[in-house]
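Written out below as structure tokens is the structure these notes cover.
Read-outs throughout are calculated quantities, based only on the coordinates presented, and are distinct from any laboratory measurement. Quantities reported herein were computed from a predicted structural model and do not represent experimental measurements. A quick note on method: Cβ atoms are made from the backbone with ideal geometry, for glycine too, and the neighbour counts reach across all protein chains shown.
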Amino acid sequence: MIELTKDALDPEKVTAKVRRDTNGAVVTFLGTTRDNFEGKSVLTLEYEAFDEMALKKLEEVRQELIAEFGLEQIAISHRIGTVGIGEISLIIAVGSPHRKDAFYACHKAVDRIKEIVPIWKKEVYQDGSRWVACEDHEFSPPDQMAGGQASAGTHAH
């Protein structure tokens, strides 16, 4: 399961997609909004994405994990738009017969999503905002490009 949504994310819903009686482990990663970054107070995060390409790249990550770890039960759900403090922006759930593969696959999924998926994060502060970690991304944030093709909402991980 791959999902990109403006709605609040539900860990139970995503985890249910990977639970099987044949699995001895389900590992879940929740990316949440913290209230600070480098000493600055964060008010909210805004995530933007090129929806079609983001979904394609999320599925690419999923397929890489299936090939590398031999796991079929992998679910990735990413939120776009405004995400408040303490709210979930990313859920990765991996079901596996054994815990080791599930942990490694979940960890690799986070890294690969940050590397290749065109979703950007803007941190909003009391005195302004800034795109975070976009300089290392293959794509530029939407408001730095002519034409602004991103979805309404507002990201880098």
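How much net charge surrounds Ile80 when only the other residues with a Cβ under 12 Å from the Cβ of Ile80 are counted, with Lys and Arg +1 and Asp and Glu -1?
The answer is -1.
Mind ordering 120-129, 18-27 by average Cβ neighbours within 10 Å, highest first? Show your work: numbers first, answer last.
On the way: 120-129: 16.0, 18-27: 14.1.
Highest to lowest by the protection proxy: 120-129, 18-27.
Which order do Asp51, Asp101 fall in if you start with the one that has the fewest other Cβ atoms within 10 Å?
Lowest count first: Asp51, Asp101.
Cα to Cα, under 26 Å, and not fewer than 8 places away if on the same chain: which lysines meet these conditions relative to Lys57?
Lys6, Lys13, Lys17, Lys100, Lys108, Lys114, Lys121, Lys122
Give the peptides 78-87, 34-43 in descending order of average Cβ contacts within 10 Å, highest first.
Taking the mean over residues of other Cβ atoms within 10 Å, the ranking is 78-87, 34-43.
For segment 2-144, report the convex hull volume of the alpha-carbon atoms normalised per residue, in Å³, without decimals.
Measuring per residue, one finds 107 Å³ for the Cα hull of segment 2-144.
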